[in-house]
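The values are calculated or read from the model by the stated rules, or taken from the named source; none is laboratory data. Since the structure is predicted, the reported quantities are computational estimates derived from the model, not experimental observations. All Cβ positions, glycine included, derive from the backbone under ideal geometry; neighbour counts span all protein chains shown. These area figures cover heavy atoms from the full protein model, side chains too; ligands, DNA and RNA do not enter into them. Shrake-Rupley method; radii C 1.70, N 1.55, O 1.52, S 1.80 Å.
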Amino acid sequence: MKYGHFDDTAREYVINTPYTPLPWINYLGSEDFFSIISNTGGGYSFYRDAKLRRITRYRYNGVPNDAGGRCFYITDGGVTWSPAFLPSKTELDSYKCRHGLGYTVFESSKNGLSSELCAFIPVGENCEINRLVLTNNSGETKKISVVSAVEFCLWNAVDDASNFQRNFNTGELEAIDCEKGCIIFHKTEYRERRNHYAYFSVNRPITGYDTSREVFLGKFNGWDTPDAVKYGKSANKVSHGWAPIASHRVEIILKPGEKTSLVYVLGYCELPKEEKWEKPGIINKKPAFEQLNRVESDTLVDKALNNLKEYWSSLLSKFTTQSGDDKLDRMVNIWHQYQCMVTFNMSRSASYYESGMGRGMGFRDSCQDLLGFVHLVPGRARERILDITATQKDDGSCWHQYQPLTKQGNADVGIGFNDDPLWLPAAVHAYISETGDAGILHEPVPFDCKEGTEVSLFEHLRLCVDYTLKRLGPHGLPLIGRADWNDCLNLNCFSEEPGESFQTTANFESGVAESVFIAGMFVLYGRQYAEICEKYGCKDEAARIYAAADKMAEAVRTHGWDGEWFIRAYDAYGKKIGSKECKEGQIFIEPQGMCVMAGIGVEPGGLARKALDSVKERLTTEYGTCLLSPCYSEYHLELGEVSSYPPGYKENGGIFCHNNPWVSIAEVMTGNADEAFAVYTRICPAYREERSEIHRVEPYVYNQMIAGQEAPTFGEGKNSWLTGTAAWTFVNASQYLLGVQPTLEGLRIAPCLPNNFNEIKINRQYRDVNYDILIKRTGKYSLTVNGQKIDGDVIPIQTADCRVEVTI
Ligand code: BGC
Ligand code: NOJ
């Protein structure tokens, strides 16, 4: 069942009912000011940091679900309704929510009045626009009242949700009514330590306003039935303390056929300390006026919306395909890349499942995310690499997380996730392959953000690789530490206390728990580092690491192979995990994907084929590839969080989407195009759209986890948007299935798609040159550039736009 459809021309997903199984959300914003918006208008805004600069309030896991957000109440002929359906919940005559790239439009109607509410954040501005256009389609003149409302958060979202003894006293506002409209300013804590305020305005004379939530809603009411709307009366008072809101009342008369538009702006302004005040106690409103002058009229809104569309067109023009398969095209050309950008902007901070208050930027998450957005914003990828690197310590260890505002490592979570350091060479290799900017290797980067400790990025990479080599266990495999990619495989943490962190309570330093997954990573990313060394001047170092990688691959073949698949790990007692010898958890997906991606056993008849056949047989379901099987039915002290989840959920045998593309890539590496594509499509949103009632999450973006075959809710998706799945599936689709892969030497073209793909066009902007690629199936591989035959499958770096023809 579907709840909408893709409009590929407009690059939108059009939702046709507010009754989606879950809120289906979108992101607004591209630089500093961001908002989340659901298909019923819920969500919130923040400036740069969803925890410390929260502008509007949102209650996660609230009742009813998804209350608050952008509230608009239209009262016409005694009936009150909302253009986004919520908050008023009045059934609409028609409803549509169009989620586009950086904007969302609600088109609805009731009793002959239609509304179009468009929400977006202009590129380069710190404000969200909500333009409401009302059209009277009836034969009679209508007298309409429109009431708006937003609820301010008292900036620090954690404090706002917990420290009530203080924050019921701190709320401060100002309101001004001018000829052009009304602006309500939120200035809590501005008097002392904040140099920023927020405001909410409308560009139209008002007949009333409210600033107190309590007065606006009235006793015992929710956002669906505020007293102010029910009784048609605003308080017109500036309130103090409690819960500050901003609400405007506008009265409109619309003749038959007549149309009018109102522009609401939710803005954020930061001021230099000395310019904060207009006079004592009165804030300096100049920056707000200036901002409004740039955005507030209809023409300016149109212009800003066009700018936004152009911004996205230009970003997305770097990789486009016409493959003959609409679903593949719409994912690759639009939604996949869009999600990669959002993930770049948000990391794991703010979604409907990440509260924006918890995790900082993950070291491994950010490095992997980069694989998906480096071609979109290489300059910002460079910056991100240097930020991440600066959190490394001089012994090569890496903080598992860092805070985006301070860029400091997060001491609460600490270090010792032993896969972390190896993701950095992966990111740097991807960055240089994309840009050719080897100069980055010589950038001075400090340790642990301490000035004066700078060494080159190159040296940091060496430390990353040596970090693994210095921590090998009894089988010559890397020690796992607190966990590896699988945060829940906590082999040195024997936790029996509820509430204790599975990851940070490392209380059993066994010195023997080893990870075959990290071994695979070392072979893959150690070699990528060696490739960089070889090309950019350190041949000895390259030879040292190639040799170490070969040795590691050998250790995997000897001690990491179970007969039909790769073993997952050795626990603190030296016992195998992910082996047929185990009662449960006999096979895990991660080492199968990673070891094959690393090239271990890919020779014909080698281990790789066997491992992938085992994945097919034991882990594959119609909804995707499960993380492990059979699921753990009991808690295992020696395994940690993985066994804490009920069978079939999350890391305990859920379909963890993030590593499904590894299996698809591995299938490509063994030349199995059909299964590679099948693995890709099983979890791909566009292909599962028809089953939206089962998956329940948005059909235009990836989510983290789909309940696995042993779960009672098999097929149900959770945790949409902010997941490493975005980057990895884009790598999978663009570099392996469509086969356009940046390398240090140039663009490699090696598509691997099922036989029904006969002719594929791809346009790729790579190192400032446009590659116009035509792929045809003939049964034999050949490659020409501007008519000239190329040996092998890598196109040497071009200096002018070129036409590439490939036969496969
Ligand atoms: C989740 C993991 C996640 C980790 C982050 C765990 O509870 O299962 O998926 O990576 O928390 O700390
Ligand atoms: C989500 C985390 O963000 C990621 O870093 C981790 O690899 C996966 N969960 C698997 O545990």
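Work out the P(r) tail for the range 117-214: percent of alpha carbon pairs separated by more than 18 Å, whole number. It would help to have the intermediate numbers written out before the result.
Numbers: 2878 of 4753 pairs.
Across the range 117-214, Cα pairs with separations above 18 Å total 61 percent.
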**Request:** Grab the other residues whose beta carbon is less than 14 angstrom from that of Arg191, score K and R as +1, D and E as -1, and report the net.
**Result:** +1
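At 1.4 Å probe size, put Trp399, Trp728 in order of accessible surface, largest to smallest.
On the way: Trp399 35, Trp728 10 Å².
Accessible-area ranking of Trp399, Trp728, largest first: Trp399, Trp728.
For the chain, what does -39500 (n - 2.57) per DSSP helix run (n ≥ 4), summed and divided by total residues, give at 222 nm, in deg cm²/dmol to the nearest 500? Don't skip to the answer; put the middle values down first.
Details: 22 runs with 207 residues, N = 808.
Calculated from helices alone, the mean residue ellipticity at 222 nm is -7500 deg cm²/dmol.
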**Prompt:** In the chain, what percent of the accessible surface is made up of carbon and sulfur (1.4 Å probe, ligands and nucleic acids excluded)?
**Reply:** 49 percent
**Long-range tail of P(r) for the range 482-581 (Cα pairs > 17 Å, %)** = 60 percent
**Item:** Hull volume in cubic angstrom per residue (convex hull over the Cα atoms of the range 55-120)
**Value:** 101 Å³
**Request:** Determine how large the accessible area of Cys538 is when every protein chain is in place; take a 1.4 Å probe and give Å² rounded to the nearest 10.
**Result:** 50 Å²
**Message:** Using Stokes-Einstein with the Kirkwood hydrodynamic radius over Cα pairs, what translational diffusion coefficient do you get for the range 150-304 at 25 °C and a viscosity of 0.890 mPa s, in µm²/s rounded to a whole number?
**Reply:** 146 µm²/s
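Using R₀ = 51 Å, calculate the FRET efficiency as 1/(1 + (r/R₀)^6) where r is the Cβ-Cβ separation of Glu745 and Glu258; round to 0.05.
Efficiency at R0 = 51 Å is approximately 0.20.
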**Asked** Two-decimal Rg/Rh of the chain from alpha-carbon positions, Kirkwood Rh?
**Response** 0.99
**Item:** Size of electric dipole in the range 698-808: Cβ of Lys, Arg +1 and of Asp, Glu -1, about Cα centre, debye, nearest 20
**Value:** 280 debye
**Asked** Could you list log10 I(q)/I(0) for the range 39-194 at q = 0.14, 0.18 Å⁻¹, which the Debye formula gives when each Cα is one point scatterer?
**Response** -0.82, -1.21
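What translational diffusion coefficient, in µm²/s and rounded to a whole number, does the Stokes-Einstein relation yield for the range 216-317 at 25 °C and a viscosity of 0.890 mPa s, taking the hydrodynamic radius as the Kirkwood radius over Cα pairs?
Numbers: Rh = 18.0 Å.
For these conditions, the coefficient is 136 µm²/s.
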**Complete:** Taking N as the number of residues in the range 604-666, the ratio of its alpha carbon radius of gyration to 2.2 N^0.38 Å works out to 1.22
**Message:** What number comes out for accessible area per residue over the range 374-493 if the probe is 1.4 Å? Units Å², please.
**Reply:** 31 Å²
**Dipole-positive endmost among Tyr649, Ala483, Gly452 within the chain (Cβ charges, Cα centre)** = Tyr649
**Message:** What is the sum of charges, Lys and Arg at +1 and Asp and Glu at -1, for the other residues whose Cβ falls under 10 Å from the Cβ of Gly100?
**Reply:** +1
**Request:** Enter the accessible area of Thr170 (Å², nearest 10), with the probe set to 1.4 Å and all protein chains included.
**Result:** 30 Å²
**Fill in**
Simple spin-label estimate for Asn307/Val769, 7 Å along Cα→Cβ, in nm, reads 3.5 nm
**Complete:** If unit charges are put on Cβ atoms (+1 for Lys and Arg, -1 for Asp and Glu) and the dipole of the range 547-649 is taken about its Cα centre, the option from Gly605, Thr625, Leu637 lying farthest towards the positive end turns out to be Gly605
**Request:** Using only the alpha-carbon atoms of the range 285-417, report the extent along each of the three principal axes, biggest first, to the nearest angstrom.
**Result:** 55, 54, 29
**Message:** Please report the net charge: other residues with Cβ closer than 15 Å to the Cβ of Pro646, K and R +1, D and E -1.
**Reply:** -4
**Item:** Rounded accessible area of Ile518 (nearest 10 Å², 1.4 Å probe)
**Value:** 0 Å²
**Prompt:** In vacuo Debye scattering of the range 396-509, one point per C-alpha: log10 I(q)/I(0) at q = 0.10, 0.12, 0.18, 0.24 Å⁻¹?
**Reply:** -0.36, -0.51, -1.03, -1.39
**Prompt:** With +1 on each Lys and Arg Cβ and -1 on each Asp and Glu Cβ, how big is the dipole of the range 629-746 about its Cα centre, in debye rounded to the nearest 20?
**Reply:** 220 debye
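Once you compute Rg and the Kirkwood Rh from C-alpha atoms, what is the Rg to Rh ratio for the range 1-118? Working shown, then result.
On the way: Rg = 14.5 Å, Rh = 14.9 Å.
Checking Rg against Rh, the ratio lands at 0.98.
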**Message:** Can you give me the distance in nm between label points at Cys178 and Arg380, each placed 7 Å from the Cα along the Cα-to-Cβ direction?
**Reply:** 3.1 nm
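Place a +1 charge on the Cβ of each Lys and Arg in the range 249-315 and a -1 charge on the Cβ of each Asp and Glu, then give the dipole magnitude about the Cα centre in debye, rounded to the nearest 20. Numbers along the way, then the final one.
On the way: 11 positive and 11 negative charges, 25 e Å.
Roughly 120 debye, rounded to the nearest 20.
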**Asked** Regarding the range 661-710, what are the three Cα extents along the principal axes, ordered largest first, in Å?
**Response** 35, 24, 15
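Tell me, in nm to one decimal, what length is gained between Tyr573 and Asp8 on full extension, where the rule is 0.36 nm per residue of separation less the Cα-Cα distance?
On the way: separation 565, 0.36 × 565 = 203.40 nm, distance 5.45 nm.
Answer, rounded to one decimal: 197.9 nm.
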**Complete:** So, relative contact order of the range 342-494 in percent, Cα under 8 Å, 6 or more apart, is 22 percent
**Asked** Over the chain, what is the percentage of antiparallel beta bridges among all DSSP beta bridges, to the nearest 5?
**Response** 95 percent
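Given contacts defined as C-alpha pairs under 8 Å and at least six residues apart, what's the relative contact order of the range 1-93, whole-number percent? Write out the running numbers ahead of the final one.
Working: 145 pairs, mean separation 15.4, N = 93.
Rounded, it is 17 percent for the range 1-93.
Would you mind giving the average projected area, over all directions, of the Cα convex hull of the range 650-778 in nm² with one decimal?
Values: hull surface 36.9 nm².
About 9.2 nm², averaged over all directions.
Could you compute Rg(Cα) / (2.2 N^0.38 Å) for the range 292-370, with N its residue count? Intermediate values should be presented prior to the final figure.
Working: Rg = 16.6 Å, N = 79, 2.2 N^0.38 = 11.6 Å.
Expressed relative to 2.2 N^0.38 Å, the Cα Rg reads 1.44.
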**Prompt:** Tell me, in nm to one decimal, what length is gained between Gln408 and Leu469 on full extension, where the rule is 0.36 nm per residue of separation less the Cα-Cα distance?
**Reply:** 19.3 nm
**Item:** Inter-centroid distance (Cα atoms) of the range 28-79 relative to the range 133-195, Å
**Value:** 12 Å
